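What follows is a set of notes on a single structure, which appears directly below.
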Amino acid sequence: MSVTVVGSLNEDVLAAVDRLPGRGETVVARASSLAPGGKGANQAAAAGLLGPGVHMVGRVGEDPAGDRQLAALAASRVNVRRVLRTVGTPTGSATIPVEDGSGENLIVVVPGANARLTVEDVDVPSVRDARVVLLQLEVPMAAVTAAARAASGTVVLTPAPPQPLPAELLVRVDVLVPNEHELVQLAGAVPADRSPAELVALARTVSAGSVVVTLGARGALVVPGDGGPVLLQAPPPVAAVDTTGAGDCFCGALGQALARGAALPEAVRHAVAAAALSTTGPGARGALPDEDAVRSVLPRVPEPTPVD
């Protein structure tokens, strides 16, 4: 086994808008569509398109939305035998307005069946035997912690939506992958524009292990837990259409690269290339790349910059 993802499966409702609404404001969308989503399922789909041996552990409802989520993952070469049906609870959903031009978005999630994932659900061979286990926080914390405890391979955690991390979980995480806003919240810091060096300092207050801070169009900041050099890895240039799910694609690609034995800086280089390509189409999975696409763009990925 290569990569196992424990996490959420949602049906996304995408709404195309001229601009994102402010607090209390109503805007009119010019179009809407349904798409498969959920941080866990997005990571699994990205990993599945990039390589074999990907497994998904989670829950959906006994409803057509659940059928669609399972079919979409299977089409991305993901093993879904450990995605359980939940009686009397609908499949999770998310409403996502996407701004024309910039591709920026807002996301409101209704957990549905995701909230029913249990400790027993995740203590399974596909978690115990995986080379890499990818985790997020759209399912109960008890299940996330149990999956990290059961894992024998590398544990990668996306701390989103951000919330306090139990010490029992954090000590078992090999690579923590927050975005800049999640890092600030985990560190209990005041929101502000920060230099890469300042973000490194925050990362080291949050975890003694490796931290990879995703920075959107600026790429990712690699803070190794073993004292290795800190690097800022910029992505290749692309024409972004929709940034929905780019962070999830990053984590799926990171997991596949780590499972193949890549060192963390090399895995991050691979992940920023995949994530950049994923923004060139609509929705969280509208432009997920395969391995050939990522390899074709790797020569255009800038060399990493050391951060003092």
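Residues that are part of a strand (DSSP E or B) and in contact (Cβ under 8 Å) with a residue 12 or more places away in the chain: does region 112-132 have at least one?
So far as region 112-132 goes, yes, one or more of its residues are part of a strand (DSSP E or B) and in contact (Cβ under 8 Å) with a residue 12 or more places away in the chain.
Tell me yes or no: at least one residue of region 24-42 is part of a strand (DSSP E or B) and of a type in the set (S, T, N, Q). First the steps, then the outcome.
Step one: filter region 24-42 for residues part of a strand (DSSP E or B), giving 31-37.
Those still in the list that are of a type in the set (S, T, N, Q) too: 32-33.
Checking region 24-42: at least one residue is part of a strand (DSSP E or B) and of a type in the set (S, T, N, Q).
Quick check: is even one residue across region 201-210 in contact (Cβ under 8 Å) with a residue 40 or more places away in the chain, aliphatic (A, V, I, L, M) and not in a helix (DSSP H, G or I)?
There is no residue in region 201-210 that is in contact (Cβ under 8 Å) with a residue 40 or more places away in the chain, aliphatic (A, V, I, L, M) and not in a helix (DSSP H, G or I).
Could you please find all residues in region 228-266 being among the acidic types (Asp, Glu), assigned to a helix (DSSP H, G or I) and touching a residue at least 24 places away in the same chain (Cβ under 8 Å)?
248
Which of the residues that make up region 31-51 are surrounded by fewer than 24 Cβ atoms within 10 Å (Cβ to Cβ) and modelled with pLDDT of 95 or more?
Hit for region 31-51 is 51, nothing else.
Take the conditions surrounded by 20 or more Cβ atoms within 10 Å (Cβ to Cβ), part of a helix (DSSP H, G or I) and at pLDDT 95 or above and apply them to residue 183. Does it pass?
The answer is yes for residue 183.
Could you check, for region 140-151, whether at least one of its residues is touching a strand residue (DSSP E or B) at 6+ places or on another chain (Cβ under 8 Å) and surrounded by fewer than 20 Cβ atoms within 10 Å (Cβ to Cβ)?
Taking every residue of region 140-151 in turn, none turns out to be touching a strand residue (DSSP E or B) at 6+ places or on another chain (Cβ under 8 Å) and surrounded by fewer than 20 Cβ atoms within 10 Å (Cβ to Cβ).
How about region 1-29: which of its residues are in contact (Cβ under 8 Å) with a residue 24 or more places away in the chain, over 23 Å from residue 119 (Cα atoms) and not small (Gly, Ala, Ser)? Quick ask: steps written out before the conclusion?
Initial filter on region 1-29 (in contact (Cβ under 8 Å) with a residue 24 or more places away in the chain): 1-21, 27, 29.
Pick out the ones that are also over 23 Å from residue 119 (Cα atoms) and you get 11-21, 27, 29.
Matches in region 1-29: 11, 12, 13, 14, 17, 18, 19, 20, 21, 27.
What are the residues in region 66-98 that are in a helix (DSSP H, G or I), over 12 Å from residue 114 (Cβ atoms) and touching a strand residue (DSSP E or B) at 6+ places or on another chain (Cβ under 7 Å), if any? Steps first, answer last, please.
Applying the first criterion (in a helix (DSSP H, G or I)) to region 66-98 yields 66-75.
Imposing the further condition that a residue be over 12 Å from residue 114 (Cβ atoms) reduces the set to 67-68, 70-75.
Within region 66-98, 68, 70, 72, 73, 74 meet the criteria.
Among (1) of a type in the set (A, V, I, L, M, F, W, C); (2) at pLDDT 95 or above; (3) touching a helix residue (DSSP H, G or I) at 6+ places or on another chain (Cβ under 7 Å), there is one condition residue 238 misses while meeting the rest; what is its number?
(2)
Out of 12, 63, which single residue is in contact with a strand residue (DSSP E or B) (Cβ under 6 Å, 6 or more places away or on another chain) and either surrounded by 24 or more Cβ atoms within 10 Å (Cβ to Cβ) or not hydrophobic (A, V, I, L, M, F, W, C) (or both)? Reasoning before the result, please.
On the way: 63 fails: in contact with a strand residue (DSSP E or B) (Cβ under 6 Å, 6 or more places away or on another chain).
The unique qualifying residue is 12.
Please work out which residue is farthest from residue 15 (Cα to Cα), limiting yourself to region 267-308 and to residues that are exposed (fewer than 15 other Cβ atoms within 10 Å of the Cβ), charged (D, E, K, R) and without any contact (Cβ under 8 Å) to a residue 40 or more places away in the chain.
Ranking the qualifying residues of region 267-308, first place goes to 303.
Do you know which residues across region 33-68 are in contact with a helix residue (DSSP H, G or I) (Cβ under 6 Å, 6 or more places away or on another chain) and farther than 13 Å from residue 134 by Cα?
Residues satisfying the conditions are 36, 50, 51, 59, 60, 61.
So which of 140, 164, 97, 90 ends up being at pLDDT below 95 and more than 29 Å from residue 241 (Cα to Cα)?
After applying the criteria, what remains is 164.
Can you pull out every residue in region 198-208 that is out of contact with any helix residue (DSSP H, G or I) (no Cβ under 7 Å at 6 or more places or on another chain) and surrounded by fewer than 19 Cβ atoms within 10 Å (Cβ to Cβ)? Write out each step before concluding.
Just the residues of region 198-208 that are out of contact with any helix residue (DSSP H, G or I) (no Cβ under 7 Å at 6 or more places or on another chain), to begin with: 198, 200-201, 204, 208.
Hits for region 198-208 are 198, 201, 204, 208.
Among the listed residues 222, 213, identify the single one that is within 20 Å of residue 42 (Cβ to Cβ), touching a residue at least 24 places away in the same chain (Cβ under 8 Å) and crowded, with 20+ Cβ neighbours inside 10 Å.
None of the other options fit; the residue is 213.
Quick grid of which residues meet (1) more than 30 Å from residue 295 (Cβ to Cβ); (2) surrounded by fewer than 24 Cβ atoms within 10 Å (Cβ to Cβ); (3) β-branched (Val, Ile, Thr):
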residue: 2; (1), (2), (3): no, yes, no
residue: 22; (1), (2), (3): yes, yes, no
residue: 29; (1), (2), (3): yes, yes, no
residue: 56; (1), (2), (3): no, no, no
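The values are calculated or read from the model by the stated rules, or taken from the named source; none is laboratory data. On a predicted model such as this, the values are computed, not experimentally measured, just so you know. When we count neighbours, we look across all protein chains shown, and the Cβ atoms used for this are built from the backbone with ideal geometry, even at glycine.
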